Amino acid sequence: MTATLTPELSSESLSRRYSTQIHRRKTRSVMVGDIAIGSEHPVRVQSMINEDTMDIEGSTAAIRRLHEIGCEIVRLTVPTLASAKAVGEIKNNLISTYKAVPLVADVHHNGMKIALEVAKHVDKVRINPGLFVFERPDPNRTEFSPSEIKATQDKITQKFEPIVNTLKEQNKSLRIGVNHGSLAERMLFAYGDTPLGMVESAMEFVRICDSLDFHNIVISMKASRPPVMLAAYRMMADTMDKEGFNYPLHLGVTEAGDGDYGRIKSTAGIGTLLSEGIGDTIRVSLTEAPEKEIPVCYSILQAVGLRKTMVEYISCPSCGRTLFNLEEVVAKVREATNHLTGLDIAVMGCIVNGPGEMADADYGYVGKGKGTIALYRRRDEIRRVPEDEGVKALIDLIKEDGKWIEPSK
């Protein structure tokens, strides 16, 4: 193998990267059940259940919990042939007790038989190129000969073609899911532990699919460190653009951890790429209950302006000019309005920067003088009210515009 240079950026890549507007990379539509992934559709939200797939009732309940709170595609692990067959029972259980949910099966080590079985029951199969034909690393190896490389590539093709043909016949999809931590030994020898090695690992499988005229493909390039993940996804997008492949990308920082830091790591990686127009579906991988991942996904998508699923609150950090307890007022405004969707509401401490900084908001709540609140509709001041009437007056203004809905009991 010969390492190749990073491809030059296309004009499309440059326009995506340096524009102040998000111009999504053009990708084909790939169906996962009744959910379409691609640049013509909203960025989709995914997660994965923790339950043992052999636990039919537990897995069914876990999938349902995720789907009910907005997870659009749910993944489950399929380590054995028995678990692959169990997925069929889970699917039937979902349909009879709830509804059909787009399902993805995670297949790892030497998984041809498992993938062929589980493809009957799910909408997408995920394989890891580094583990698909798993061979234990040889600590004494110093190189891979051309004949060894050819033999491994032939073995991959032999085991991969039946899966591709099965998915093609059933009009189902495939995720080629590369992980930085599980690159094949021959890739490490050729490219090192690098984003380029990740890209070449994925492209090997992409080219096999293309040779079989199979294009229902989604690709992921996950790493636990955002800088590695960012480089790999950017390079993968540029490589595919250069070679004429328009497959969607599934974004994620794998093994992000828990708490604030896990959320920050995920946002640093996923949010950055989405802002550059790269990415068509996302999963935030937290060491927490899977249900905790879904609000983070939607918050990232809302923050970059790609999906609006809740109220966007704009508020200043407060300073000596602030004329009321800003933190307390923001909490009151949020409590009164957080059941709404699609609105931007600004709460600003004073008139110095407030009206300008909140100009794009639908409504503004601004300190106008001691004990006085000014309410704005976009840039226009509508009325002034005493501070203790501010939240009610804001609600009344929203009602006047026909944008209010009563909170659910």
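Only one of these conditions is not met by Ile294: (1) closer than 30 Å to Phe160 by Cβ; (2) touching a Cys at 6+ places or on another chain (Cβ under 8 Å); (3) open to solvent by less than 20 Å² (accessible area, probe 1.4 Å). Which number is it?
Result: Ile294 passes all but (1).
Could you figure out which of (1) surrounded by 22 or more Cβ atoms within 10 Å (Cβ to Cβ); (2) among the aliphatic types (A, V, I, L, M); (3) closer than 19 Å to Ser39 by Cβ isn't true of Leu306?
If we test Leu306 against (1) surrounded by 22 or more Cβ atoms within 10 Å (Cβ to Cβ); (2) among the aliphatic types (A, V, I, L, M); (3) closer than 19 Å to Ser39 by Cβ, just (1) comes out false.
Of all residues in the stretch 201-216, how many are open to solvent by 10 Å² or more (accessible area, probe 1.4 Å), among the aliphatic types (A, V, I, L, M) and either assigned to a helix (DSSP H, G or I) or modelled with pLDDT under 95 (or both)? Don't jump to the end; show me each part of the working.
Step one: filter the stretch 201-216 for residues open to solvent by 10 Å² or more (accessible area, probe 1.4 Å), giving 204, 207-208, 210-213, 215-216.
From what's left, among the aliphatic types (A, V, I, L, M): 208, 212.
Subset that is either assigned to a helix (DSSP H, G or I) or modelled with pLDDT under 95 (or both): 208.
Selection size over the stretch 201-216: 1.
Checking Ile345 against (1) modelled with pLDDT of 90 or more; (2) in contact with a Cys (Cβ under 9 Å, 6 or more places away or on another chain); (3) crowded, with 20+ Cβ neighbours inside 10 Å, only one condition comes out false. Which one?
If we test Ile345 against (1) modelled with pLDDT of 90 or more; (2) in contact with a Cys (Cβ under 9 Å, 6 or more places away or on another chain); (3) crowded, with 20+ Cβ neighbours inside 10 Å, just (2) comes out false.
Does Asp388 count as open to solvent by 70 Å² or more (accessible area, probe 1.4 Å) and either among the charged types (D, E, K, R) or at pLDDT 90 or above (or both)? Quick ask: steps written out before the conclusion?
Numbers: open to solvent by 70 Å² or more (accessible area, probe 1.4 Å): yes; either among the charged types (D, E, K, R) or at pLDDT 90 or above (or both): yes.
So Asp388 fits the description; yes.
Just the residues that are open to solvent by 70 Å² or more (accessible area, probe 1.4 Å) and closer than 29 Å to Phe189 by Cβ, please, taken from the stretch 98-133.
Selection gives His109, Asn110, Lys113.
Scan the stretch 255-274 for residues that are surrounded by fewer than 19 Cβ atoms within 10 Å (Cβ to Cβ) and under 17 Å from Pro290 (Cβ atoms) and jot them down.
Glu255, Gly257, Asp258, Gly259
For the stretch 217-240, does any single residue satisfy the condition of being under 26 Å from Asp154 (Cα atoms), outside any helix (DSSP H, G or I), at pLDDT 95 or above and more than 15 Å from the chain's Cα centre (by Cα)?
yes
For the list (1) within 16 Å of the chain's Cα centre (by Cα); (2) open to solvent by 10 Å² or more (accessible area, probe 1.4 Å), I need the number of the one condition that Leu66 fails.
Checking Leu66 against (1) within 16 Å of the chain's Cα centre (by Cα); (2) open to solvent by 10 Å² or more (accessible area, probe 1.4 Å), the one that fails is (2).
Does Met221 count as over 24 Å from Thr267 (Cα atoms), open to solvent by less than 30 Å² (accessible area, probe 1.4 Å) and of a type in the set (A, V, I, L, M)? Please lay out each step first, then the result.
On the way: over 24 Å from Thr267 (Cα atoms): no; open to solvent by less than 30 Å² (accessible area, probe 1.4 Å): yes; of a type in the set (A, V, I, L, M): yes.
Answer is no for this residue.
The values are calculated or read from the model by the stated rules, or taken from the named source; none is laboratory data. On a predicted model such as this, the values are computed, not experimentally measured, just so you know. We place every Cβ from the backbone using ideal geometry, glycine too, and count neighbours over all the protein chains shown. Surface areas here come from the heavy atoms of the whole protein model, side chains and all, with no ligands, DNA or RNA. Shrake-Rupley method; radii C 1.70, N 1.55, O 1.52, S 1.80 Å.
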